[in-house]
Structures are given as C-alpha cells and as structure tokens.
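Single-structure report; data block below.
The values are calculated or read from the model by the stated rules, or taken from the named source; none is laboratory data. Since we're looking at a predicted model, the values are computed, not measured. Because the Cβ atoms are built from the backbone with ideal geometry, glycine has one as well, and the counts that use them run over all protein chains shown.
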C-alpha cells in the first residue's frame with residue numbers, strides 16, 4: 001500500500017489558502033474531506049474561511065470556520081487497488097487481488113461512488129490506521145444500461161432525456177436515442193451522461 005500524504009513519516013500540513021473541494025484534512029485525529037468552502041473578508045476583523053467538511057469515517061457533515069492562514073494536518077491515508085465483489089444490505093465487499101483478503105465498507109462511507117461501481121470493477125480503497133474508510137473512483141466510468149424506454153428512431157435531440165437504469169442499480173437521465181443494452185460513459189463527479197461507448 002502507498003501512503004498518500006506522508007513523506008518519511010512527517011505529517012504534511014496545508015494552509016487555508018490551499019483549501020479546495022475534495023481535499024482531505026485531519027481534525028482531532030479524524031480524516032475529513034472538504035465538501036465546500038468560502039473565503040470571507042469582513043469589513044472589520046480578520047479574514048476567515050467558512051468550510052463544510054465530511055467525515056471519512058462516520059459520514060457526518062460539519063460546518064467549520066478557520067482563520068485565514070491557519071494550517072491543518074493532512075491525514076496519512078493508504079490506498080490499495082481492490083476489486084468490488086458484491087453488496088449485501090448496507091455493506092459493500094472488496095477483495096485485494098494479490099492477497100485475496102476481503103474487507104467491507106459501509107454504504108454511508110462510499111458517498112456517490114456507490115452509484116457507479118459494479119461487480120468486478122477495480123478501484124482504489126482508502127485506509128486510515130489500517131481500517132478501510134472509503135473509495136476513490138475515477139472521474140469517468142462505463143456502465144451498461146439494463147432498463148430504459150425504447151429509443152425513438154431518428155430522434156437525435158440531445159436536450160430531451162429519459163430515465164435509464166444502470167447495471168450498478170443507479171438511474172440517470174440519458175438522451176432519447178440511447179437504448180437498453182448499450183454502454184454509456186458517465187461523469188462520476190456530476191452523475192451526468194457523457195456519451196455512448198458502444199451499441
């Protein structure tokens with residue numbers, strides 16, 4: 001496993017000026033990801049950063065305010081390539097393809113990623129202090145449409161959409177010409193259809 005943010009065992013730090021969506025930070029020995037932030041410069045007093053953060057362990061979302069220029073630690077996270085096996089109730093099971101060790105991650109810790117993973121997909125699983133806490137999914141995934149209304153022949157309008165059920169169990173909006181059985185590319189950051197991959 002690779003340690004994502006540690007160099008020679010030294011904790012790395014970031015200033016509030018480096019905050020961005022998706023950045024992982026460590027607060028009170030718990031790893032969080034920045035969901036949203038806003039730099040505020042009031043007329044009186046010092047500037048500050050209003051931040052919305054989500055725990056990578058509990059999934060809880062908190063609002064935190066930092067003084068401009070404050071420094072925060074980065075968590076020492078490890079990443080491991082693992083294969084998604086199956087889900088059962090609210091648990092998603094993954095396997096290390098080298099050791100065949102299996103682990104599970106609670107659905108609440110997967111966030112939107114759970115909408116785009118299918119059996120057999122290899123993705124990065126994040127570990128904190130040896131415990132699996134979430135996954136890192138690529139920006140684009142290709143998934144098959146298992147159910148949608150029949151395509152309308154000759155209708156290539158792109159601004160009219162219809163719901164389509166993906167093999168992952170998630171429903172997205174696709175153009176009318178997209179048909180059942182086709183594989184489509186989806187942007188996992190927005191949940192939007194990008195293009196047809198194959199017919």
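Overview of values
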quantity: Any hit, segment 21-28, residues being surrounded by fewer than 12 Cβ atoms within 10 Å (Cβ to Cβ) and either closer than 19 Å to residue 124 by Cβ or modelled with pLDDT under 90 (or both); calculated: yes
quantity: Sole residue being under 16 Å from residue 141 (Cβ atoms) and not assigned by TED's automatic domain parsing to the domain that holds residue 184, chosen from 89, 119; calculated: 119
quantity: Residue in segment 144-162 that is touching a helix residue (DSSP H, G or I) at 6+ places or on another chain (Cβ under 9 Å) and either loosely packed, with under 14 Cβ neighbours inside 10 Å or in a strand (DSSP E or B) (or both) present; calculated: no
quantity: Extreme residue, surrounded by the fewest Cβ atoms within 10 Å (Cβ to Cβ), among residues of segment 29-57 that are touching a residue at least 40 places away in the same chain (Cβ under 8 Å) and outside any strand (DSSP E or B); calculated: 57
quantity: Filter result (loosely packed, with under 12 Cβ neighbours inside 10 Å and either at pLDDT 90 or above or within 22 Å of residue 187 (Cβ to Cβ) (or both)) within segment 92-118; calculated: 99, 100, 101
quantity: Residues of segment 34-64 satisfying the condition of being in contact with a helix residue (DSSP H, G or I) (Cβ under 6 Å, 6 or more places away or on another chain) and within 18 Å of residue 107 (Cα to Cα); calculated: 59
